[in-house]
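The structure appears right after this line, and notes come after that.
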Amino acid sequence: MNGTFQYLTKLFFRGLVILAPIGVTAYALFFIFQSVDNLVPFDLPPGVGFIIVIFLVAFIGFLGTRFFFGRWIFEALDYLLEHTPGIKFIYSSVKEILDSFMGDKKKFNDPVWVKVQDNPETWRIGFLTQKKMQDAFLDEGLVAVYLPHSYAISGWVIIAKETSVRPVKNMNAVEAMKFAVSGGVTGNIPEVKK
């Protein structure tokens, strides 16, 4: 009887490992879909509001990149928000984060290994964000590296000697981020370039 209970418990947890990611993903997609769908204030059939919002955002992106007048309006709004006390901190922070991940100025595209401790030798995976830091520190050979936290969307920045940083090979930026955020359990093990 005890062996049967342990076997059923093991099967239950295996099923949970299979179903939990599917359930969480489905719930997240449903929540996003429903939230976006509810942005349209009219009483429309389910899904129509979502489609309207997606097309509206895409149309604004089109106006902001293709037409001089549209670019001028969005640049003026951008200038206003970046220079309004109180609002500028929130706006510029969100804008920088989105530009870092999705914009034309992607910052997290240089995955590196950085040695964070000598004894015992400890390396962490991160992203080179500033290649020259001597203006801030008046020292040659310093770089800024962003180190993402595992299982979180946060991270921290360290300033390290350039000699303590090695490029990652056989892995692109997306794979390196997945490796870092998953705690090193997904994907291939990245190699260090000599």
task: With a probe of 1.4 Å, find how much accessible area the chain has per residue, and write the answer as a whole number in Å².
output: 77 Å²
- prompt: What's the carbon and sulfur percent of the chain's accessible surface, probe 1.4 angstrom, rounded to a whole number?
  reply: 67 percent
query: Working out 0.36 nm times the residue gap between A76 and Q130, then minus their Cα-Cα distance, what length gain in nm do you get to one decimal?
result: 16.6 nm
message: Along the charge dipole of segment 25-95, pointing to its positive end and built from +1/-1 on Cβ of Lys, Arg, Asp and Glu, which listed residue (L39, F59, W72) has its Cα farthest out?
response: W72
Chain lengthening between A28 and Y7 when straightened (0.36 nm per residue, less Cα-Cα): 4.4 nm
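Please report, to one decimal in angstroms, the Kirkwood hydrodynamic radius of the chain built from all distinct Cα-Cα pairs. Provide the component values of the computation, followed by the final result.
Details: mean 1/r = 0.0472 Å⁻¹.
Kirkwood radius, the chain: 21.2 Å.
Once you have the Cα-Cα distance between A173 and F68, take 0.36 nm times their residue separation minus that, and quote the gain in nm to one decimal. Could you put the intermediate results ahead of the total?
Values: separation 105, 0.36 × 105 = 37.80 nm, distance 3.32 nm.
Residue separation times 0.36 nm, minus the Cα-Cα distance, leaves 34.5 nm.
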Calculated FRET value between L19 and S154, using beta carbons and R₀ = 30 Å, to 0.05: 0.60
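The values are calculated or read from the model by the stated rules, or taken from the named source; none is laboratory data. Predicted model only: the values in this text are computed from it and were never measured. For neighbour counting, all protein chains shown are included, and Cβ atoms are generated from backbone atoms with ideal geometry for every residue, glycine included. In case anyone asks, the SASA skips ligands and DNA or RNA and just uses the protein heavy atoms, side chains included. Shrake-Rupley method; radii C 1.70, N 1.55, O 1.52, S 1.80 Å.
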